[in-house]
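Enquirer: Pasting a structure below so you can have a look.
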Protein chains: 2
Amino acid sequence: MSENPLSLLMSPRSIAFVGASNNPLKMGTMQAVNIVNGNFKGAFYPLHPTEKTVLGHPAFAKVADLPEVPDLVIFVSPAPTVAPYLEELGKIGVKRAIVITAGFREMDEAGARREDELNAIASRYQMRFLGPNCIGIINTEISLNATVVHMQQNKGSLGLASQSGTYVTQTLGYLHKKGICFSKAISLGNEANLNICDALEYLGEDEQTRAIILYIEGIREGRRFIDIAQRVSRRKPILAQYSGGSQAGAKAGKSHTGAMAGPDVLYDGIFAQAGIIRVDTIEDLFAHGWALAKQPLPRGNRLGVITNSGGPGAAASHHAEISGFRLPTLSGNLQNKLRQLIPAHASAANPVDVTFHLDVNLIAKEIPLLLANSGEVDALILHGAMQTAFLEQAFPQVSSLHKGEPLEKLIAKYEKHSQELVADLAEALKRHGIPLVASTFFEYNDNFSAAFRQANIPVFDAPEKAARALGSLWKYANIRQRAPFAHTNGLTSQPEATAMVAAARQNGQSALDEFSAKRLLALYGLPIVPGNIASNKGQACAIATKIGYPIVAKGCSWRALHKSELGLVALDIANERELKAAFAKIAARLEQMGESPRLVIEKMVSGSRELMLGMTRFAGFGACLSFGLGGVFTEALQDITFRCAPLSLAEALEMLDGIRSYKLLGDYRGMAAVKREELARIISTVGEIALAHPEIAEIDINPLLIGADGSLTVVDALVVLENYS
Amino acid sequence: MSENPLSLLMSPRSIAFVGASNNPLKMGTMQAVNIVNGNFKGAFYPLHPTEKTVLGHPAFAKVADLPEVPDLVIFVSPAPTVAPYLEELGKIGVKRAIVITAGFREMDEAGARREDELNAIASRYQMRFLGPNCIGIINTEISLNATVVHMQQNKGSLGLASQSGTYVTQTLGYLHKKGICFSKAISLGNEANLNICDALEYLGEDEQTRAIILYIEGIREGRRFIDIAQRVSRRKPILAQYSGGSQAGAKAGKSHTGAMAGPDVLYDGIFAQAGIIRVDTIEDLFAHGWALAKQPLPRGNRLGVITNSGGPGAAASHHAEISGFRLPTLSGNLQNKLRQLIPAHASAANPVDVTFHLDVNLIAKEIPLLLANSGEVDALILHGAMQTAFLEQAFPQVSSLHKGEPLEKLIAKYEKHSQELVADLAEALKRHGIPLVASTFFEYNDNFSAAFRQANIPVFDAPEKAARALGSLWKYANIRQRAPFAHTNGLTSQPEATAMVAAARQNGQSALDEFSAKRLLALYGLPIVPGNIASNKGQACAIATKIGYPIVAKGCSWRALHKSELGLVALDIANERELKAAFAKIAARLEQMGESPRLVIEKMVSGSRELMLGMTRFAGFGACLSFGLGGVFTEALQDITFRCAPLSLAEALEMLDGIRSYKLLGDYRGMAAVKREELARIISTVGEIALAHPEIAEIDINPLLIGADGSLTVVDALVVLENYS
């Protein structure tokens, strides 16, 4: 555990601070105040050129004056002052720093150079640092809040790493109100030195952290990120929000930290591969993380919904079903038991709808317990447990008629009662291992909302949100069930393939011609359509006779990318006469283009299921694979999923289920299901070809045909070479 | 306006009330209290068998004792008491009622009979009523709250009609906190008499209502609903949440009010056709309605985002782009002006990121004004204006250092300042007609949140929500631009078609055979593939010679639905020899099936773009059309959009853009764009065929082929007859 560079940074026994003074309106002071006035037990050493004390602590004018080598130094001083101080601190042996100061790579070229300088110094002294341009860290385990905002947080179990400082600071009050508490929170800033991979690895190892949430605008070390996340996500849930994918989001992100964004659909695939649950909004990121940190995972997808009104019941059910749950019909026996509890016009079906009801015992304890004990559901949603908030609302109107106690006394009594009641419920559910999430439109003011929070039951202000959060629990239950990944050692590059690529590059080609591209793929065992190259009619006919009609003839040149449009393709050639005519026509077209008469003569294969398989290199991720619907529909439907290479067979198999049109891969309209293992092997192999041949910039196999018998054939392929794409 | 039956019901001058007493724990009393203790100026007449007064008002033991004929009667009395009272009240001339009482159709058969009885009575006395099993109404215009929950609402401009009572009651506190105020709110209950169509029409006419929101679990009068919504949505925005579409949602809804649910994708289409914006959650329904009621529509999709942090800026931008906005690069001139205001490390690009900053003037006034005045943006999102909430959080930590005023005094000063500042901003934006939505993580506690609300600027607790709400404004701006619908008078049924259908029915057929189906479509001008029926080889060859090879031969029987699987199809027949062989083979297959040797001999047409066009009758909606991707991909991709017939050409044209694969309809991979007007005419005609021939249960045209030249051909068609589907 101690190897992670963030361990010491997050749990320092002593902190030197550069940039705090006694002026409360300065950012540095506001930041330091939160360390000093919190419950942090470690030493605090302000460095200040003139002040004798800062915030009541003795200040040090020079690094040399420090009484010990601090575990950590925090900078909130002007950008040009950071490097000189860092150098001095490095010299005395300080190993960790947080550079909150802005004005580095995110600003301009001069800032970028300053950032490089920090890294050079860090490297000289084996220092590691967070930032610059971050907002600090929170470690509730040791009551350390090194951010600019006062923290009311208790010790929690939700770990955050964020590429935006806001979510570590401006949301603190918001989270406090909702009862969401951090274990650790890390603002990553420009990621000049430590980055989100280090933070994820740290949070994965951190025992206080039970669920991890990530706010992401771009990932630099993509492959490392995936490797870490795959390991961590088998033990701990990881959720992520990514907002760099749209054009606008990328622009916004870039101006912020200069992080590396990529298309939205790439990150969709990366998260799936990594075992990370993607959410769309910051609200879901916090709330679903909270639910995952606090509730057990459902053992199945049988959901019970309990509500005090049909509308919220229907809405929760609708969203739960989208999330993969189903609402089983409850047994007659169970429905009978329920009917004895609820009004005659209420519903004992699932959702159980008690309708508007003043007896909260029923909805908040008796019915959930009945369902939990029945063994008929794996998870519960409870909407509408409310008492004091409703009472407060009604009291002004009915108080004159009410001959009982005053409002305050009623509320106090109800509060105690609801706490006991919910504690009992939570205890029983824990025994059964059944997760429960609640919703109510009285999110903050009601005794039941408070009691739920206290019992670690997440409460939402809308039924749809409760259902979606439970959906993330179900997603994670499935991630835990992922097949193990057996990564191979990669493949050895074939000398013939290496030679082909080298020759093409030497020849000034931006791509291999189609025949060579398929030949290269065949060298690695991909099933290509039978065929050969012909330079004259005689050769063409000989090839055709050997492989059998019908035949396809195509002009073969690396310059001819859009062969159909150029008139270089003749399909469905039935006999020698037709072949000769087609050869003549295509050869003439080639000649017009200044190309020699070189044609691919291939078996005509058919099938109505066309796939595509591609490889593209993305900054930060290297070779990535795309797989999806091919042929004429590729562009119109854009039904494609991405992964980062290398890809184990198990990961490639997951990819097959990641496209909308996955049904085509099954037993479909009288056609046999695709050979899944073979398809996975092909996908995985293309990834390994990309790693074995870094000179290849792109591979595009389209169509990859599924035959009526489920077999696979590479019908057309393009291999683009580096520096030309 | 006065014709709408809800006008009198919503604005009564006098109310009789059945079911209130002086017991404050009874639902009826709680309900009546809200009428009596509110500011409602009308008369209140409790009917009670024994009490002399109810809630301080003289009570009447008998209907005959009432001092006048009340405009409205409200029932919260036990179910069996409602009918007798209604009868008596009908006799004296009462015309409107609200039946809040439950225990009718939603409960059991006896309840359903009770409900029918209410309708019979109403019909006898020309009465109209809401409910039963509803929760009442709210009309803030006359301070009438006839629900069970106390209302803190001010007069607002958001009109709600809801098939769940919760959203008219349990959400009142929630809405009050958010500053969202109703004009009118209507709980529809079982819709035995008045239904959502009446409510929508009423809200459309109501001058206080500027935006309409609907919570829907099922629609009974589908066609009427669409007609009303199309009219209303040209003047006023309508938003809807529908949660009956999933299996679970439908079940939940059904147990609640017995409403008619339909598949989710059907409602998607219905809402598009009706000009209704669909939202997924109750939170969005209220919030987007609020934004539409309060803010002007953007004149274009150029969005300016102003933020105090990169993360929220990126997230807002990401979601705004998904909603159809784009973030233009600001001009050099404007960026220079911005740079003079913001810190050096901040960003003057769009999003304008002022970074964490204590001067709120900048983010909440100066920068928005600069953008609004520039003419470079059509809409604004503002994230992070905050002051007192932040101060309160920081104050405990810095108060000892702060030599200024106490917190309360600071806050009061700031509150006044923020109100003035935001009022100025709102005024300027109003002049420019630029909508603004705000977000902050200090949703409830901050002076700026309060000031925004006061200035009619919606405030959200997350940047994504602000962006999505603005997205609904943009959607509505586009709905306002819809082409006018020129509904035709329908088509006259062709005698030959009528005869074909009648003969088939008489013959006991569940469907027309393929040839007849296409013949029927051709009678209404649909472009079918050339061909004819042959009973022997000679006829077949004659037909083929006439239309020219290649030819397709298909066995023709209404019993043969899956012709390919039955071996009844021969494609791509090149000559007479092949045709004769195919004829013999198919005729033999037909004979095996006990069918006569009847074959369709047709032109072989080809094209890679295959569409489908269907007609199905849905309960509540009648004839509905489905249009989308056809051929082998129909089932795998389910890329289909629905509309309700009849359909004008303008509506059919909108349908073309409603499928994911709409790109296929354009100029695509060297193929010409489809003839859009012709396609729209075909879609519209199929709708009219359905209306002209009620005996037709279903029509399925698949494929409807797009030729390389953009032409359209019906290649295969199925016409299913009523009572057999």
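Enquirer: Hey, any hits in the stretch B:464-477 for a residue that's in a loop (DSSP other than H, G, I, E, B) and not aromatic (F, W, Y)? Let's see the steps before the verdict.
Expert: From the stretch B:464-477, those in a loop (DSSP other than H, G, I, E, B) are none; that's our starting set.
So far as the stretch B:464-477 goes, no, none of its residues is in a loop (DSSP other than H, G, I, E, B) and not aromatic (F, W, Y).
Enquirer: Also, I was wondering about something else. Can you pull out the residues in the stretch A:621-640 that are crowded, with 19+ Cβ neighbours inside 10 Å and away from chain B (no Cβ under 14 Å)?
Expert: A:F621, A:A623, A:C624, A:L625, A:S626, A:F627 - these are the residues of the stretch A:621-640 that are crowded, with 19+ Cβ neighbours inside 10 Å and away from chain B (no Cβ under 14 Å).
Enquirer: Every residue in the stretch A:308-331 that is of a type in the set (S, T, Y) and facing another protein chain (nearest Cβ under 8 Å), please.
Expert: Scanning the stretch A:308-331 gives A:S309, A:S317.
Enquirer: Let me ask another. Tally time: how many residues in the stretch B:97-136 are crowded, with 24+ Cβ neighbours inside 10 Å and more than 11 Å from chain A (Cβ to nearest Cβ)? So that I can check it myself, show each step before the final result.
Expert: Looking only at the stretch B:97-136, we keep the residues that are crowded, with 24+ Cβ neighbours inside 10 Å, and these are B:97-102, B:104, B:106, B:115, B:118, B:129-136.
Retained after the next criterion (residues that are more than 11 Å from chain A (Cβ to nearest Cβ)): B:97-99, B:115, B:118, B:129-131, B:134, B:136.
Selection size over the stretch B:97-136: 10.
Enquirer: Within the bounds of the stretch A:349-371, is there any residue that is more than 14 Å from every other protein chain (Cβ to nearest Cβ), at pLDDT 85 or above and within 30 Å of B:D461 (Cα to Cα)? It would help to see each step written out before you state the result.
Expert: Initial filter on the stretch A:349-371 (more than 14 Å from every other protein chain (Cβ to nearest Cβ)): A:361-362, A:364-371.
Then drop every residue that is not at pLDDT 85 or above, which leaves A:361-362, A:364-371.
Then keep just the ones that are within 30 Å of B:D461 (Cα to Cα); that gives A:364.
Checked against the condition, which is being more than 14 Å from every other protein chain (Cβ to nearest Cβ), at pLDDT 85 or above and within 30 Å of B:D461 (Cα to Cα), the stretch A:349-371 yields at least one hit.
Enquirer: Ok, one more. Is it fair to say B:G687 is under 29 Å from the mean Cα position of the chain (by Cα) and assigned to a loop (DSSP other than H, G, I, E, B)? Working first, answer last.
Expert: Values: under 29 Å from the mean Cα position of the chain (by Cα): yes; assigned to a loop (DSSP other than H, G, I, E, B): no.
Considered against the rule, which asks whether it is under 29 Å from the mean Cα position of the chain (by Cα) and assigned to a loop (DSSP other than H, G, I, E, B), B:G687 comes out as no.
Enquirer: Here's something else I'd like to know. Out of all the residues in the stretch A:62-77, is one or more closer than 19 Å to A:A122 by Cβ, assigned to a loop (DSSP other than H, G, I, E, B), at pLDDT 95 or above and acidic (D, E)?
Expert: The answer is yes, given that some residue of the stretch A:62-77 is closer than 19 Å to A:A122 by Cβ, assigned to a loop (DSSP other than H, G, I, E, B), at pLDDT 95 or above and acidic (D, E).
Enquirer: Please go through the stretch A:649-666 and pick out each residue that is surrounded by 18 or more Cβ atoms within 10 Å (Cβ to Cβ) and not aliphatic (A, V, I, L, M).
Expert: Result: A:E651, A:E654, A:G658, A:R660, A:S661.
Enquirer: Of the residues that make up the stretch B:633-642, is at least one closer than 21 Å to B:A486 by Cα and of a type outside the set (S, T, Y)?
Expert: Yes, there is a match, as at least one residue in the stretch B:633-642 is closer than 21 Å to B:A486 by Cα and of a type outside the set (S, T, Y).
Enquirer: If you don't mind, there's one more thing I want to ask. Would you check if there is a residue in the stretch A:681-700 being within 14 Å of another protein chain (Cβ to nearest Cβ) and surrounded by fewer than 18 Cβ atoms within 10 Å (Cβ to Cβ)?
Expert: Start the filter on the stretch A:681-700 by keeping residues that are within 14 Å of another protein chain (Cβ to nearest Cβ), which leaves none.
No: the stretch A:681-700 contains no residue that is within 14 Å of another protein chain (Cβ to nearest Cβ) and surrounded by fewer than 18 Cβ atoms within 10 Å (Cβ to Cβ).
Enquirer: Ok, one more. Checking the conditions here, which among A:A161, A:A199, A:A192, A:A185 is more than 12 Å from every other protein chain (Cβ to nearest Cβ) and assigned to a helix (DSSP H, G or I)? Write out each step before concluding.
Expert: Details: A:A161 fails: assigned to a helix (DSSP H, G or I); A:A192 fails: assigned to a helix (DSSP H, G or I); A:A185 fails: assigned to a helix (DSSP H, G or I).
Just one listed residue meets the conditions, A:A199.
Enquirer: Take the residues of the stretch B:276-291 that are more than 24 Å from B:G222 (Cβ to Cβ) and away from chain A (no Cβ under 11 Å): which is surrounded by the fewest Cβ atoms within 10 Å (Cβ to Cβ)?
Expert: Kept after step one, since they are more than 24 Å from B:G222 (Cβ to Cβ), are these residues of the stretch B:276-291: B:283, B:286-287, B:290-291.
The next check asks that each one be away from chain A (no Cβ under 11 Å); those that pass are B:290-291.
On the way: B:W290: 27, B:A291: 30.
This residue is B:W290.
Enquirer: With the requirement that a residue be of a type outside the set (A, V, I, L, M, F, W, C), part of a loop (DSSP other than H, G, I, E, B) and free of Cβ contacts under 8 Å to residues at least 24 places away in the same chain, what does the stretch B:320-347 give you? Walk me through it before giving the result.
Expert: Within the stretch B:320-347, the subset of a type outside the set (A, V, I, L, M, F, W, C) is B:321, B:323-324, B:326, B:328-329, B:331-333, B:335-337, B:339-340, B:343, B:345, B:347.
Then keep just the ones that are part of a loop (DSSP other than H, G, I, E, B); that gives B:323-324, B:328-329, B:331, B:340, B:343, B:345.
Across the stretch B:320-347, the qualifying residues are B:T329, B:Q340, B:P343, B:H345.
Enquirer: How many residues does the stretch A:332-348 hold that are within 11 Å of another protein chain (Cβ to nearest Cβ) and touching a His at 6+ places or on another chain (Cβ under 9 Å)? First the steps, then the outcome.
Expert: The first filter runs over the stretch A:332-348 and keeps only residues within 11 Å of another protein chain (Cβ to nearest Cβ), leaving A:343-348.
Filter once more, so that each one left must be touching a His at 6+ places or on another chain (Cβ under 9 Å): A:343, A:346-347.
Here the count works out to 3.
Enquirer: Condition first: among the hydrophobic types (A, V, I, L, M, F, W, C) and either surrounded by fewer than 23 Cβ atoms within 10 Å (Cβ to Cβ) or not assigned by TED's automatic domain parsing to the domain that holds A:I381 (or both). Can you find one or more residues in the stretch A:307-317 that meet it? Walk me through how you get there before you give the answer.
Expert: Step one: filter the stretch A:307-317 for residues among the hydrophobic types (A, V, I, L, M, F, W, C), giving A:314-316.
Going one step further and asking which of them are either surrounded by fewer than 23 Cβ atoms within 10 Å (Cβ to Cβ) or not assigned by TED's automatic domain parsing to the domain that holds A:I381 (or both), we end up with none.
Within the stretch A:307-317 (the criterion being among the hydrophobic types (A, V, I, L, M, F, W, C) and either surrounded by fewer than 23 Cβ atoms within 10 Å (Cβ to Cβ) or not assigned by TED's automatic domain parsing to the domain that holds A:I381 (or both)), the answer is no, since none of the residues qualifies.
Enquirer: Quickly run through the stretch A:667-679 and pick out the residues that are within 29 Å of the chain's Cα centre (by Cα) and surrounded by fewer than 21 Cβ atoms within 10 Å (Cβ to Cβ).
Expert: A:R676, A:E677, A:E678
Enquirer: For the stretch A:348-363, which positions are under 41 Å from the mean Cα position of the chain (by Cα) and touching a residue at least 24 places away in the same chain (Cβ under 8 Å)?
Expert: Looking only at the stretch A:348-363, we keep the residues that are under 41 Å from the mean Cα position of the chain (by Cα), and these are A:348-356, A:360-363.
Hits for the stretch A:348-363 are A:N350, A:P351, A:V352, A:D353, A:V354, A:T355, A:F356, A:V360, A:N361, A:I363.
Enquirer: Out of A:A542, A:A587, report the one residue that is surrounded by fewer than 20 Cβ atoms within 10 Å (Cβ to Cβ), at pLDDT 95 or above and more than 21 Å from A:S606 (Cα to Cα). Give the derivation first.
Expert: Values: A:A587 fails: surrounded by fewer than 20 Cβ atoms within 10 Å (Cβ to Cβ).
Exactly one of A:A542, A:A587 is surrounded by fewer than 20 Cβ atoms within 10 Å (Cβ to Cβ), at pLDDT 95 or above and more than 21 Å from A:S606 (Cα to Cα), namely A:A542.
Enquirer: Moving on to the next point. For the condition away from chain A (no Cβ under 14 Å), farther than 27 Å from B:N119 by Cβ and touching a strand residue (DSSP E or B) at 6+ places or on another chain (Cβ under 7 Å), what is the one hit in B:A43, B:A16?
Expert: B:A43
Enquirer: Could I ask something else about it? Does at least one position in the stretch A:597-610 carry a residue that is under 30 Å from A:G538 (Cα atoms), among the acidic types (D, E), buried (at least 17 other Cβ atoms within 10 Å of the Cβ) and at pLDDT 95 or above?
Expert: Just the residues of the stretch A:597-610 that are under 30 Å from A:G538 (Cα atoms), to begin with: A:597-607.
Applying the additional criterion that residues be among the acidic types (D, E) yields A:602.
If we keep only those that are buried (at least 17 other Cβ atoms within 10 Å of the Cβ) as well, we get A:602.
Still in the running and at pLDDT 95 or above: A:602.
For the stretch A:597-610, residues under 30 Å from A:G538 (Cα atoms), among the acidic types (D, E), buried (at least 17 other Cβ atoms within 10 Å of the Cβ) and at pLDDT 95 or above: present.
Enquirer: Now for a different question. Just wondering, is there one or more residues in the stretch A:574-597 that are of a type in the set (G, A, S), under 49 Å from the mean Cα position of the chain (by Cα) and within 14 Å of chain B (Cβ to nearest Cβ)?
Expert: Initial filter on the stretch A:574-597 (of a type in the set (G, A, S)): A:574, A:581-582, A:584, A:587-588, A:594, A:596.
Cutting the leftovers down to under 49 Å from the mean Cα position of the chain (by Cα) gives us none.
No, the conditions are met nowhere in the stretch A:574-597.
Enquirer: Is it true that some residue in the stretch A:188-205 is modelled with pLDDT of 95 or more, surrounded by fewer than 24 Cβ atoms within 10 Å (Cβ to Cβ) and within 29 Å of A:A451 (Cβ to Cβ)?
Expert: Checking the stretch A:188-205: not a single residue is modelled with pLDDT of 95 or more, surrounded by fewer than 24 Cβ atoms within 10 Å (Cβ to Cβ) and within 29 Å of A:A451 (Cβ to Cβ).
Enquirer: Here are the criteria: (1) farther than 19 Å from B:Q393 by Cβ; (2) touching a residue at least 12 places away in the same chain (Cβ under 8 Å). Tell me which single one A:K52 does not satisfy.
Expert: For A:K52, the exception is condition (2).
Enquirer: Right, here's the next one. Residues being crowded, with 18+ Cβ neighbours inside 10 Å and aliphatic (A, V, I, L, M): count how many of those fall in the stretch B:37-69.
Expert: Within the stretch B:37-69, residues that are crowded, with 18+ Cβ neighbours inside 10 Å and aliphatic (A, V, I, L, M) number 6.
Enquirer: For the stretch A:509-521, which positions are touching a residue at least 40 places away in the same chain (Cβ under 8 Å) and surrounded by fewer than 21 Cβ atoms within 10 Å (Cβ to Cβ)?
Expert: Within the stretch A:509-521, A:Q509, A:S510 meet the criteria.
Residue by residue, here is whether (1) among the β-branched types (V, I, T); (2) assigned to a strand (DSSP E or B); (3) at pLDDT below 95 holds:
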| site | (1), (2), (3) |
| --- | --- |
| B:L8 | no, no, no |
| B:N22 | no, no, yes |
| B:G28 | no, no, yes |
| B:V33 | yes, no, yes |
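Enquirer: Give the residues of the stretch A:202-212 that are part of a loop (DSSP other than H, G, I, E, B) and touching a residue at least 24 places away in the same chain (Cβ under 8 Å), sorted by residue number.
Expert: Within the stretch A:202-212, the first condition is being part of a loop (DSSP other than H, G, I, E, B), and the residues that meet it are A:206-210.
Scanning the stretch A:202-212 gives A:D206, A:Q208, A:T209, A:R210.
The values are calculated or read from the model by the stated rules, or taken from the named source; none is laboratory data. Every value quoted in this text rests on a predicted model; they were computed, and no experiment measured them. With ideal geometry, Cβ positions are generated from the backbone for all residues, glycine too; neighbour counts draw on all protein chains shown.
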